[in-house]
Amino acid sequence: MEIAILIIGSSRKEKDEKYFSYLLSKYKWENITIKKPASFETFTEAYAEADLCFDLREMSYENHHCLPIKIFYYAASGKPVIYTDLKATRQHVDVSEFGVLVDPEDDDAISDAIINYIDHPEVYNRHALNARQEYEEKYNWNLIKKRFTDFVKQSLHN
């Protein structure tokens, strides 16, 4: 089986860039593509060829209380996800319908989730279909904009 890796983004710190470059030269991974961060307007186009989307951010107080917005783009694109198991995500998005929540430090759980999709293509297909359906039925802007704008208006008046 051939696996291709697509990374969209860049290191924020020079030391991280050096460390990442070191890893690339040390392991000499094949089939890896690294793209610069994409603009808001071209973000979905940048990952269109991906079959599975990841967001494995560190577990921190701030991250636990922020909902990762990209999950909604991935769902709208029909992409199954492997995401950090954050409190905000668990509270507001039923990821089990279209992906898996993991500890980003647990290599075994991450690889098990990937292997499960490979060994069980019906699970992958169901998650891909569910991702788009969840977006259409629960997270589509046309469905939530009134509730969201009402919330913002209420917040401004308090």
Next item on the list: Identify the residue in the range 59-73 that is in contact with a strand residue (DSSP E or B) (Cβ under 7 Å, 6 or more places away or on another chain) and part of a loop (DSSP other than H, G, I, E, B) and, among all such residues, is most open to solvent (accessible area, probe 1.4 Å).
Entry: 59
Check: Can you find even one residue in the range 7-19 that is within 26 Å of residue 85 (Cβ to Cβ) and among the aromatic types (Phe, Trp, Tyr)?
Finding: yes
Note to self: Just the residues that are of a type in the set (A, V, I, L, M) and in contact (Cβ under 8 Å) with a residue 40 or more places away in the chain, please, taken from the range 108-141.
What the structure shows: 110, 114, 118, 128, 129, 131
Note to self: When you check residue 153 against the structure, is it open to solvent by 90 Å² or more (accessible area, probe 1.4 Å) and either basic (Lys, Arg) or part of a loop (DSSP other than H, G, I, E, B) (or both), yes or no?
What the structure shows: yes
Notebook entry, point to check: Since residue 103 meets every condition but one in (1) within 27 Å of residue 42 (Cβ to Cβ); (2) under 16 Å from the mean Cα position of the chain (by Cα); (3) of a type outside the set (Val, Ile, Thr), which condition does it not meet?
Noted result: (1)
Next item on the list: Pull up the range 113-145, narrow it to residues that are basic (Lys, Arg) and modelled with pLDDT of 95 or more, then point me to the one that is farthest from residue 70 (Cα to Cα).
Entry: 126
Margin query: Condition first: touching a residue at least 40 places away in the same chain (Cβ under 8 Å) and in contact with a Lys or Arg (Cβ under 8 Å, 6 or more places away or on another chain). Now tell me which residues in the range 1-50 satisfy that.
Written below: 6, 47, 50
Margin query: Against the definition (of a type in the set (Val, Ile, Thr) and out of contact with any strand residue (DSSP E or B) (no Cβ under 9 Å at 6 or more places or on another chain)), how does residue 152 come out, yes or no?
Written below: yes
Margin query: Among the residues that make up the range 22-41, is at least one of them in contact with a strand residue (DSSP E or B) (Cβ under 6 Å, 6 or more places away or on another chain) and either within 22 Å of residue 134 (Cβ to Cβ) or open to solvent by less than 30 Å² (accessible area, probe 1.4 Å) (or both)?
Written below: no
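The values are calculated or read from the model by the stated rules, or taken from the named source; none is laboratory data. What you see is a predicted model; the values in this text were computed from it and never measured. Every residue, glycine as well, gets a Cβ built from its backbone with ideal geometry; the counts of neighbours run over all protein chains shown. To get the accessible areas, we keep the full protein, side chains included, count just its heavy atoms, and leave off ligands, DNA and RNA. Shrake-Rupley method; radii C 1.70, N 1.55, O 1.52, S 1.80 Å.
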